[in-house]
Every structure is written in structure tokens, then in C-alpha cells.
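Colleague: One structure coming up, written as C-alpha cells, with questions to follow.
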Amino acid sequence: MKLTRRNFMKTSVAGLAGAAVFTGSPLKTEAREITSADFGVENKTYLTCRMCAQNCPMVAYTRDGRLVRLDANPNTPYPSICGRGRAATAALYDPQRIKTPLIRTGKRGSGEFRSASWNEALDLIGNKMLQLREEGEPHSVAYFPRFNSASLLDDTIFNLYGTDNLFSYGDTCFGSTNQLGLGSVFGGGGEEPRQGNSSVMGDYENAKLAVLIGRNPVGGLVAFPWGGMFGRGRKNGMKTVLVDPKKSLGVGETDTEWLPVIPGGDVAFLVGLAGELFKNKYYDEEFLKEYTNADMLINAETLQPVYLQEGDDENDPDYQVYDTATNSAVMKSEAESPALYGEYNVDGVKAKTALQMLIDSCNAFPIEKAAEKSGISVEQIQKLAKDLNDTRPACFLERGYRATRYYNSLHEKQLISVINGLLGVYGRKGGLIYGRYAYLYSPFDYSDSNEISVNMWYKENVEGFELCDPYNMRRTFPLAVETEEPYKLRMAFLNGQNPVGGSVGGHKMAKALEKMEMVAAISPFWNESLLYADVILPDTTFLERSEPLFGQYKATFPVITVHDQVIDPMFETRNGYWIMLAIAKRIFSDDEYYSYFGDFEAGGVKYIVDYQLENLELDEADAAIFSRRKLIEDGVWCGVPAPVKPMNKPTPSGKLEVYSLFMAKWHEELLNQGRENDAKYFDPLFSCPPTYYQTLKEKLDNDEFVPITGFSPLSSFTGAQTRNNILLRNVGAKLNYSAVFINTDRGNALGLKSGDLIEIFNIEEPSLVVKAEVQLSETVEPHTLFSFYGVGNGLYRKLADKLSVASPIGFNPNHIGNLNFMPVEASAPSQDFIVKIRRAK
Amino acid sequence: MSYDKMAVCYDTQSCIKCFACVISCSTENRMRLQRDYNYTVEKSMVEEQPHLNYLRVEVNEKGKFPNVSQIAAFKHCQHCDNPKCMEICPALAISKKETGAVVINQERCVGCQACKDVCPYDVPVFSKDTGKTYKCTMCHDRLTAGMQTACAVACPSVAIFSGKQEEVISEARKRAEHYSKVFNKEYFVYGADKVNDTVGTLSYMTIAPVENRDDYLLPADPSSGVAGGREITKVIGTAAIIGTAAAVAGHAVYSAVKLSGKDEHKENENE
Ligand code: SF4
Ligand code: SF4
Ligand code: SF4
Ligand code: SF4
């Protein structure tokens, strides 16, 4: 269905039934007076929320230059901002914000600083950068962006200055694991098929059953539009099944099932589930025939296709199948009735259909074993398989978020995508539907002549990094600093990123920062990494600055948002653009500066917005309804929802690959290189490679746990905008959200009770000891030590004075985790280690 | 002015426990301080003031792993049709408005906590800092201005909604019926029908599975806490005498009562 703007607004109102019906005035007779409740005449400003990274569309109301209210921008089908967004005022007016530029006085890590003038602080940074450039080593500057307040301009400045060393945070979250997990089934064009988090999304509103595995849409809340879609799904009667070591509130408190999985046992569970689907033929044969490569003939020895004809500009790819009409192996395009099952002899090669290969691989792993390895009972697995069959295609398995948890997470993501294919839910109402986007471009130049980046060098030269995503990786930084390969890194520049608190193995990040000749930082709030900075520049919060248009939403329709400044910057803070230009002035010659940034300096953010609008790229249907005026007046523009129909993706076979040829290729390649251990994680079949922690120990001791961390809707990442927020803490305290949660029986066995203080350490890093309060709960799987992410100050107790609202103790697994890497794709296995606990002295 | 009867409804089924409503209630109350009491926004937003969370969370856990139920119930004023709190308030600070909202007039409140003691739902909260008692106002100011309550407007998943009473009830019943069918068990709208003689019907209703009514703090037979509770006669005696003067000299009255009621208030100090 094509939706015009008017139709679209109609649907959105329908979607909102609850809210829309109830806004009528309660007045019986008199016309309503303007009352103090709505502050009379307000000034409205549209912007996007940055309390976490999701940019939910917001509207701010001001009176006399002060912020008086924040609400969701109502001009979308799912107006939503979450509690964190609503608590932004407490972050804005937080008296512990960084108010002036600061220069370090004590030793690194001590947290001792003095305030300085902008000129002094900027000169320090500018002079160092000039010096490095004059010495021919601009590439020795490592740039760490996040929560950026100078988007588009900032990378450009570093790139033009001469460094491509951009260490981004995606290795924990959306980087390789999630991209390749879906890409291996979906394709993505090129050698490394990558798909973003939002290339398919659960159609929650129409789903009958959602299996949440590796993701709790409410914990890691994306308010717009996921939160809205998920809640409407619940309202429509969607059932939820949560596969997680911790039962959580948000997925539904009643009429929901919790399958408490052993940490990292998700893969075993999925193999068991697939076995049940196969055994009972609980899958969609028609879908498999039409849209997937289930009928592809596979060489049972090599696991490679018997014959694959690659596609090109003119021809679609083609492959050999077994035609039951002629009882012969022919190309798919010529086959009348390709077999889905069976083993065949094709010119002396033992071949099976891809589906048969998958079925046989599950048969080798009985459901009892799956139950034992996953901690989820046989009955629960069987019931879920049946429920999926009863509801398909209006059901799906969520494929997770903050995806990289254990060594076997890539296989887990792949299996999830395969099972969704077996169920035939792709592109189906109530199943998984495709995202659509608006493409916005940057007006700034780029330089291609820089020295190779550390990450690219690792990818090209270091075993174990072949499939890394060099644009979303930061944990190579400490390696490069230690080995000085490919060259020495001399300066770190942290722009809103907190690598010490945000990446597993944070203590090694801190050590690497200590080795820098200079650490410069821009941030509105304190965090762990800033303790290691030499110069800190106080940034504005998102309410105190304008930003370019934003279009990267996790939505099924394209969204573009406006972000205007709400109030003047407080204290001596300055917005990121001002700061970046002030640095650019110091590190570029006048000629360079004006040729690169002259237009921007004259036009400001509006110059970027104009460029974005002139070069806006939309699908035809969207272009037909786009209106610049509407965008500006509403603060947001939403396009046409993606069509609900299965789409073929650019895979080697041209089909949705329930049998992943990408995995098969890497599996073979790794075996050929003698890397059996790595190859296990790239199996195109259903198998059960171990987590890292399982390779350390067969069985955990009484006092040992796996440190699982999950989001709470009251905290986000490691930023102090939520950590040091009194409005959020008032509520978080009711959930005891700064404690660590362990299973009641296991706690009792150790003589612990709720409220006791314990010490926690990684068995591989016993010298790093963190203190936390323990909370015993029946909602925790027994192997698990659960903590909410980004709540307490953890190992970095020096932060306690600077963030006095945040819990002075508490556990962030990143602080003490290992600096190890996912096999071959090298992202960050964030909770794949073992901790020991003991009563605190 | 004359107003229609209004209502609010919380739907436990579509709630995703994001707590946006809880935060929104808290910020709205801080905005009110700023609007009505010349309090600067810089101050109101960063002070703890836990009594301004009129919507409170109470988590309960039942059962043994892995068959465990975990529920975060919301505690807020139910806006009883027979508000026991209003009946007992010696300072006549509590009134039931035409919209159905039961509101404490903060100027008149003498902080005796009688309302807290008799409330069958244990709603009012006493603040040691201000010496007054607080509770959900059903966003009376917003409702009469034609806006939704601050909790309803915050909800990303249409789990709290407010509006004219008959509209709210009809939507709530529709939902409960739908859930009963889909989930094959009884859901009800607590407060849409008379709960019992003590409280009557409620203007702030809740949709929940009947079997979880206790977990969601929705007792079948709520009883007023007069008999239990602390010994309050003395306080009431004092307060009642000066109660009439409260409107004109709120602050002076409040100090006087605080002195005489000193001991009785102690047990609340940890709240
Ligand atoms: S999810 Fe919440 S915190 Fe994150 S951007 Fe949206 S409203 Fe803000
Ligand atoms: S719930 Fe308690 S405070 Fe609210 S109206 Fe009823 S008696 Fe009064
Ligand atoms: S009605 Fe208003 S005062 Fe009551 S809980 Fe909701 S937001 Fe708070
Ligand atoms: S805002 Fe809505 S979904 Fe979120 S906790 Fe409140 S009622 Fe539930």
C-alpha cells in the first residue's frame, strides 16, 4: 500500500487510539482559559534526545530562556521518549557538570585538575597537534568520537589534519558480530556481507509471539519507535518469550515466559529449537522453496555448493539443485521441481540439499543435550517450537543488540537469522520487516592520502582480525600502543567517548592512555576516561546546541529530524562545532582553514542542513511526499513504510541463505590455514562452539560466576547524563539498580544475604577488585552475576567525588574484563569471562 | 466552572516498565514548584525531593527459580469515590474535585499524616523537609486545562491514558476483554466498578489479570487504616483546632503542629 502524507497521518492516529481519543477538553460549558498548567504561551523547540544514542524526536518548551518541559515530538506515528529523555533536565542543570576548561594538575588517574581559560586549554591542544603534524606524524593522533556534538565536522577535521585513526565504539554493540550474523544469511554485497541493526525489525504491532533472545527491547530501550511498537504489540495481545540469564520487567510481567539460559548457552538452545522445528516439520516449506537456498546441492565433504554460477550485472546467480521431475542435478533456473531433501550422488560427489545438511546437523545434537547445555528444559524447547509453528509467520526471534557477548555470539546471530528463515517470517506481517532510510550527506571534504589506520593495518596484517570492522573498533588501541605497530600513537583525543568505562578490558585502555604524550577530551560530564586526560574542554549538552538533520533511525519507514538549540549554553561550556573550529584554526593554515571550513564558519549548522536537504536521497515514494516546510514545522518527517513482502538479498546464491555460503567459505578457509579453533565459529551448519569462559573451565566453582550485564531503562551506556541523574536515581534506587544480582540459593550457599558488600574480580586479573552490594534474587540464572550497565562508578573510585549522585560502588564488567577478541571478526566479547566473589573485608 | 468527570487508567499488560511515567510525574511536580512557588528550575530538577514522585514503584518477587514472578507495581492515589483521606483531614486540606481528582491543598496541609494513616492504599507520603504530606493529584491542573495527565502523556506504549471517565472506562473494558480472550484468563478493570463500600469506585483505574491482583496492589477489600496505624488522636486534636486558620497562616500553623506532633512523626524519618 502506498501511503500519502495524509494517509500516513491517519494511520498514525489509528495506531494511537488510546492517546488520541482522550485529549478532549473536560470543560462542559465555558471556553477554556489559559492556565498555568501549560505555562500559557510557550516557546517550542524541536530537537532529538541524546540521553542515549537513539536521537528520539523531542519537543522542548521554554519560558524566559529556561527549559520548563520536555515531551515526545507528537508528529510521528509513535511519539515516544523514555524516562531518561524526560530526566534530561536533571543532566542539564547537574551542578557537577564540567563547567570550565580543565588542565590536569595531579598524576594521570588522580582526578586532580585546575580550571583554565579557553585560550590556554585550546592552545595546549592546538600546539601539540601542530607539533605532531610538523614532525610528520599527524597519524599518531587517535580520535575517539561518541555522543558527538560536532557531527560530520569532527571526523573531517581529523582526517584533513592527517589521521584516519578513528576508534569508534561499535565493537561492543552493533559492530561485526551483529552485522555479519545477519549478513551471512541476508547478504550485503561484496566480500563481507554486513547488515545494520535496523535492516530488519520485528513487526511487534502485528506479531503474535516475539522471542527475545540476546535483547530486551525495554532494557536497551530505543523509545522511538521500538518502545512504542513493542508496547502496542503487548496491547494487541502479543506473547513474549524471554531467553536471558536474567528475568526482566519490561518484556511483560504476566503472560510472558522466561527461559533462563546459561550464559552463552543460547547457541545450544537454538540448535535444540531448530531440531524440534525440523523433527515436526514446523517450518515453512513454501517459503524455503521460493525465497531461500534450502534446495541448493551441497558437497557433504567440503560443505561447499556442488556448483554455483556467480551472478553479474546481467544474470542472477544460479546453482545446482536436484530436480525430482527429471531425477537429475540441474541448474535451479532449469529445474522444474527442486528437491528440498535428500542425499544424491552427483558425478561421484556425495551431495545433499542444504536443508538436508541443516537437518542432519541438528540430528547430531539431541534435544536432551541442548537442554543440558542451555539450561532450558526439553519441555520448554518443545513448547516454544510448537508455539512458533502455531503463530508463524506472525512471530520472530529478535536477533539481539549489544550483540557481542561470547565467542559464539556470531554463530548465535547467524542461527537466529536462519531459524527466522525456516519459519518464513521475513517480510511477513507480524514477522520481520525491512527498514527504509533517508540518506543524508555531508558537505565536508575528505582526504585519501593519510597513513593507513591502525585498524585497517590490523585487518590486513594480523591473524584474527581478518573480518573486523575497522570503522567500528577501538580495542586495537591498547595493542597498538603496546607494540608500537604499525607505528607509535602519541596523542589521544576523546570526543564524548569513554573507552575506559565503555569497552571490555577498560583497565588496559586506561594504561594505554597513560602512555600518551597528550590526552585531550571534550565532554559535558565526568567519566572514567577523563581521569586520564591532560586537558578537558566542557561541552554543551544536547539541549544547548543546534545539530544537522539526522536520519539514522531504527524504523520501518524513513525518518528525518530537526535539532535546534533550546537554551543558551550554561556555565562556560561551548558547543562542539565552536570547539572543533577553534581547534581547526590552530592546526590548519589560514588558507586551509578557509578553503575547508569558510562556508561553514559563515553559515553555521544551517549551512550543513541546506546541503543535506539539497542532496537528500529518498526512495521515489518518499520523495513524492517529502516537504521541507513540513519537516521544519513538525520537527520531524516520516516517510512511507517499507512494503511487507519478502525480498531477495545480495547473497552469493541470490537467495536468503539459510545455508550461509559466506560461513561455508570462511569455515573452509580457516581449516585450510590450520585454524580449527577459529573455524568452529564459522560453521554454516547447526553446531555448538564453546564460549571463551567454557574453554577456561569445565565447571564453575562455588564462588564463581559469569558477569552478565544488561541495560535498565533508567541508565544508558557509561555517560554521566544518566549515571549522575537524581531523577533517574530516585526510581533506580527502588530497583536497587546499582547492586549486583545473584541467584538466591547460590548466594545462600555462600552465606550471603541481600545488602551484603562483596568484592568481585576476574579470575584472570585478580588484582583488580571491585566492590558492590549484593542482591539475592530468584530472577537470576545460577551461573550469572548480573549488573545493570553504566550505573555505578566501579573500579574508578576517584569518580565518586565528581559524580556524587551515582553509586560510589557498583560493578561495570568492562573495567576488569579481558582484552580478548572475537575469533576472526575481532569485536569485543563483553561478558565472556569468569569472576570470583567474596565477602568484602 | 463546571467540569466533566475524568479518569486515568493504567494497563499492566501493555506497560513495558520503562518508567517514563514515573519520571514525568516527578518532573511535572518540579515544574509545578517552579511555576507556583518561584522555585528555580535549576534547583527543582537537581534536588532529591523524593516525595515529589507521586507515582511510585514497588517491586515484588514471588516463587522459586525458575518459576518466579517479578512485578513492579505502581503506587499512586486511586482517587476514591469515598476518599477516607478527605474525611479525616482535620485541616480540611483535602477535597474531591468535580473531575474526580482528590487533591491535597498544600497550603492548608498541616502535616498531621492522618490521611496517610487512613488511606486504604497507603498512598500519602510525608516529607520531613517540608512538614507536609503529598500525593498524586490526578494532575488536576492539567486535566482541567484539557491536557492529559503527566503520566499518561509520557507513556510511549499507550499503557496509561486519561480523559473523560466514560471514554476511559469503555477503552479499559475493551482492553480487559481482549486480554481475557487472548490470554485465556480473566483480566479486570480495577476501580471501574465499586471496589467495596470503603472506597467506592476509583478515578484512577488499573487493568490487570485478576490472579495477579495482589501483586499489583489491587486488594479486593481495601480497608481503611484507622484502627491500625499510629496513635493519631492527639495530633488530630491539636490540628483540628487550628485547622481553620491554616489557609491564612499556613506556615505558622504548620510549625505549631510540628512541635506538638514531634514524636509521632519519628517513624517516618526513614522514608
Ligand atoms: S531512547 Fe530514551 S534516552 Fe534514548 S534517545 Fe530515545 S528518549 Fe532519549
Ligand atoms: S487512595 Fe488514599 S489518598 Fe487517594 S483518595 Fe483514596 S484514601 Fe485518599
Ligand atoms: S496523575 Fe499526575 S500526579 Fe498522579 S501519578 Fe499521574 S502524573 Fe503523577
Ligand atoms: S510510561 Fe507507560 S510503559 Fe512506561 S512504565 Fe509507565 S505505564 Fe509503563
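Colleague: Give me, ordered by chain and number, the residues 5 or more places off residue A:658 or on other chains with an amide H under 5 Å from its own placed amide H.
Modeller: Amide H neighbours of residue A:658: A:293, A:294.
Colleague: Output the relative contact order of chain A, whole-number percent, from Cα pairs under 8 angstrom with separation of 6+ residues. Don't skip to the end; give the middle numbers.
Modeller: On the way: 1911 pairs, mean separation 163.6, N = 841.
Here the relative contact order equals 19 percent.
Colleague: I want the local charge near residue B:93. Using Cβ-Cβ distances under 13 Å, sum +1 for each Lys or Arg and -1 for each Asp or Glu among the other residues. Don't skip to the end; give the middle numbers.
Modeller: Numbers: positive: B:96, B:108, B:116, B:132, B:135; negative: B:87, B:107.
Spelling it out: positives minus negatives among the neighbours equals +3.
Colleague: State in Å² the accessible area per residue of the range A:692-839; use a 1.4 Å probe, count heavy atoms of protein chains only, and round to the nearest integer.
Modeller: Details: 4320 Å² over 148 residues.
So the range A:692-839 comes to 29 Å² accessible per residue, rounded to a whole number.
Colleague: Could you compute how much accessible surface residue B:161 exposes when probed at 1.4 Å, giving the result in Å² to the nearest 10?
Modeller: In the full protein context, residue B:161 sits at about 0 Å².
Colleague: Once each part is reduced to its C-alpha centroid, what is the distance from the range B:207-226 to the range A:723-757 in angstrom?
Modeller: One Cα centre to the other: 27 Å.
Colleague: Could you work out how far the C-alpha centroid of the range A:66-143 sits from that of the range A:377-393, in angstrom?
Modeller: 49
Colleague: What is the set of long-range amide H partners of residue A:258 at a cut-off below 5 Å, with H atoms built 1.01 Å from backbone N?
Modeller: Residues meeting the amide H criterion: A:242.
Colleague: Excluding residue A:302 itself, calculate the net charge of residues whose Cβ lies under 11 Å from the Cβ of residue A:302, where each Lys or Arg counts +1 and each Asp or Glu counts -1.
Modeller: On the way: positive: A:350, A:665; negative: A:301, A:668.
That works out to 0.
Colleague: Would you mind classifying the range A:474-519 by shape? Square roots of the alpha carbon gyration tensor eigenvalues, ordered a ≥ b ≥ c; an a/c under 1.5 is rounded, otherwise it is prolate if a/b is larger than b/c and oblate if not.
Modeller: Numbers: a/c = 1.85, a/b = 1.31, b/c = 1.42.
It comes out oblate by the Cα gyration axes.
Colleague: Short version: which residues of the range B:1-23 lose at least 40 Å² of accessible area, all chains versus chain alone, 1.4 Å probe?
Modeller: At a threshold of 40 Å² (probe 1.4 Å), the residues of the range B:1-23 that become less exposed are B:1, B:2, B:4, B:13, B:16, B:17, B:18, B:19, B:23.
Colleague: For residue A:546, which sequence-distant residues (separation of 5 or more, or a different chain) have an amide H within less than 5 Å of its own amide H, given hydrogens modelled in the peptide plane?
Modeller: Answer set, sorted by chain and number: A:565.
Colleague: Which value, in square angstrom to the nearest 100, describes the accessible area buried between chains A and B on both sides, using a 1.4 angstrom probe?
Modeller: Values: alone 31620 and 13610 Å², together 38860 Å².
Summing both chains' loss of accessible area gives about 6400 Å².
Colleague: For A:827, A:804, write out the residues from largest to smallest accessible area, computed with a 1.4 angstrom probe and no ligands counted. Please report the intermediate quantities before stating the final value.
Modeller: Numbers: A:827 5, A:804 75 Å².
Solvent-accessible surface, decreasing: A:804, A:827.
Colleague: By its C-alpha gyration tensor, with a ≥ b ≥ c as the square roots of the eigenvalues, how is the range A:408-484 shaped: rounded for a/c under 1.5, else prolate for a/b larger than b/c, else oblate?
Modeller: Values: a/c = 3.92, a/b = 1.57, b/c = 2.50.
The shape class here is oblate.
Colleague: So what J values fall out for the range A:790-804 if you push phi through Karplus, 6.51 cos²θ - 1.76 cosθ + 1.60 with θ = phi - 60°, rounded to Hz, Gly and Pro as x?
Modeller: So the J values, rounded to whole Hz, are x, 9, x, 8, x, 5, 9, 5, 4, 6, 4, 6, 8, 10, 7.
Colleague: Sketch the reach of a paramagnetic label on residue A:112 as a point 7 Å from Cα along Cα-to-Cβ, and name the residues of the range A:779-806 whose backbone nitrogen lies under 18 Å away.
Modeller: What the label zone holds, given the 18 Å backbone N cut-off, is A:797-802.
Colleague: Okay, which of the range B:168-198 sit inside 17 Å, backbone N to the point 7 Å along the Cα-Cβ direction of residue B:2?
Modeller: Hits in the range B:168-198 for residue B:2 at 17 Å: none.
Colleague: Rounded to the nearest 5, what is the percent of antiparallel bridges among the DSSP beta bridges in the range B:6-224? It would help to have the intermediate numbers written out before the result.
Modeller: Numbers: 25 of 29 bridges.
In the range B:6-224, DSSP labels about 85 percent of beta bridges as antiparallel.
Colleague: Still on this structure, I have one more. Short version: which residues of the range B:63-80 lose at least 20 Å² of accessible area, all chains versus chain alone, 1.4 Å probe?
Modeller: At a threshold of 20 Å² (probe 1.4 Å), the residues of the range B:63-80 that become less exposed are B:64, B:65, B:66, B:68, B:70.
Colleague: Further question: How long are the semi-axes of the equivalent ellipsoid of the range A:158-289, defined as square roots of 5 times the Cα gyration tensor eigenvalues? Whole Å, largest first. If you can, show how the numbers build up before the last one.
Modeller: Numbers: eigenvalues 181, 91, 52 Å².
Whole-Å semi-axes of the equivalent ellipsoid: 30, 21, 16.
Colleague: In addition: What's the long-distance tail for the range A:692-839, i.e. % of Cα pairs beyond 25 Å? Before the final figure, lay out the partial values.
Modeller: Details: 2792 of 10878 pairs.
Above the 25 Å cut-off, the range A:692-839 has 26 percent of its Cα pairs.
Colleague: Here's a follow-up. Taking all protein chains as present, what is the carbon and sulfur share of the accessible area of the protein assembly as shown, in % to the nearest whole number, probe 1.4 Å? Intermediate results must be reported in sequence, preceding the final value.
Modeller: On the way: 18780 of 38860 Å².
Carbon with sulfur: 48 percent of the solvent-accessible area.
Colleague: If you add up the charges near residue A:587, with Lys and Arg at +1 and Asp and Glu at -1, over every other residue whose beta carbon is less than 14 angstrom from its beta carbon, what do you get? Kindly include the intermediate steps, with their values, before the conclusion.
Modeller: Numbers: positive: A:128, A:133, A:585, A:586; negative: A:123, A:134, A:135, A:137, A:154, A:590, A:591, A:592.
So the surrounding residues net to -4.
Colleague: Work out which residues of the range A:245-280 lose at minimum 50 square angstrom of accessible surface when the other protein chains are put back, relative to the chain isolated, with a 1.4 angstrom probe, and list them by number.
Modeller: Buried by 50 Å² or more upon assembly, which counts only protein chains, are A:247, A:249, A:253, A:254, A:255.
Colleague: I would also like to ask the following. Calculate the translational D of the range A:533-585 in whole µm² s⁻¹ from Stokes-Einstein, where the hydrodynamic radius comes from the Kirkwood formula applied to all Cα pairs, the temperature is 25 °C and the viscosity 0.890 mPa s. Write down the numbers at each step before the final one.
Modeller: Details: Rh = 13.0 Å.
Answer, rounded: 189 µm²/s.
Colleague: Once Lys and Arg get +1 and Asp and Glu get -1 on their Cβ, which of A:297, A:524, A:643 lies farthest toward the positive end of the dipole of the protein assembly as shown?
Modeller: Ranked along the dipole, the leading option is A:524.
Colleague: Follow-up. Taking 8 Å as the Cα distance limit and 6 or more residues as the minimum spacing, I'd like the relative contact order of the range B:6-224 as a percentage. Before the final figure, lay out each step's value.
Modeller: Details: 415 pairs, mean separation 60.1, N = 219.
Worked out over the range B:6-224, it gives 27 percent.
Colleague: If you don't mind, another one. Looking at the range A:692-839, send over the antiparallel percent of its DSSP beta bridges, to the nearest 5.
Modeller: On the way: 15 of 24 bridges.
Taking every DSSP beta bridge with both residues in the range A:692-839, the antiparallel ones total about 60 percent.
Colleague: Give the shape of chain A as rounded, prolate or oblate, defined through the alpha-carbon gyration tensor: a ≥ b ≥ c are the square roots of its eigenvalues, a/c under 1.5 means rounded, and otherwise the shape is prolate if a/b is larger than b/c and oblate if not. Intermediate values should be presented prior to the final figure.
Modeller: Numbers: a/c = 1.39, a/b = 1.30, b/c = 1.07.
It comes out rounded by the Cα gyration axes.
Colleague: Please give the charge dipole size of the range A:708-836, origin at the Cα centre, charges +1 on K and R Cβ atoms and -1 on D and E Cβ atoms. Round to the nearest 20 debye. Present the calculation step by step, with values, prior to reporting the outcome.
Modeller: Values: 10 positive and 11 negative charges, 113 e Å.
Value, rounded to 20: 540 debye.
Colleague: Under a point spin-label approximation (7 Å from Cα along Cα-to-Cβ), what is the residue A:590-residue A:633 distance to one decimal in nm?
Modeller: In this crude label model, residue A:590 to residue A:633 measures out at 4.7 nm.
Colleague: Can you work out ³J(HN,Hα) from phi for every residue in the range B:108-121, in order, using Karplus 6.51 cos²θ - 1.76 cosθ + 1.60 and θ = phi - 60°, giving whole Hz and x for Gly and Pro?
Modeller: Computed from phi, the couplings for the range B:108-121 are 8, 4, 9, x, 6, 6, 4, 4, 4, 5, 8, 4, x, 10 Hz.
Colleague: Average partner chain C-beta neighbours within 10 Å, per residue of B:45-55? Kindly include the intermediate steps, with their values, before the conclusion.
Modeller: On the way: counts 12, 13, 2, 5, 3, 6, 0, 2, 4, 0, 1.
Average per residue, whole number: 4.
Colleague: How much length is gained if the chain between residue B:177 and residue B:95 is pulled fully straight, taking 0.36 nm per residue apart and subtracting their Cα-Cα distance, in nm to one decimal? The partial results should precede the final answer.
Modeller: Details: separation 82, 0.36 × 82 = 29.52 nm, distance 3.36 nm.
Gain in length upon complete extension: 26.2 nm.
Colleague: What value, in deg cm²/dmol to 500, does the helix sum -39500 (n - 2.57) over DSSP H runs of n ≥ 4 give at 222 nm once divided by the residues of the protein assembly as shown? Provide the component values of the computation, followed by the final result.
Modeller: Working: 39 runs with 338 residues, N = 1112.
The helix contribution divided over the protein assembly as shown gives -8500 deg cm²/dmol.
Colleague: Related question: What fraction of the DSSP beta bridges in chain A is antiparallel, stated in percent and rounded to the nearest 5? Write out the running numbers ahead of the final one.
Modeller: Values: 58 of 97 bridges.
If we restrict to bridges inside chain A, about 60 percent are antiparallel.
The values are calculated or read from the model by the stated rules, or taken from the named source; none is laboratory data. It should be emphasised that the depicted structure is a prediction, and the values quoted were computed from it without experimental measurement. Reconstructed Cβ throughout: ideal geometry from the backbone, glycine too, with neighbour counts over all protein chains shown. Protein only, heavy atoms only, side chains kept; ligands, DNA and RNA dropped before computing areas. Shrake-Rupley method; radii C 1.70, N 1.55, O 1.52, S 1.80 Å.
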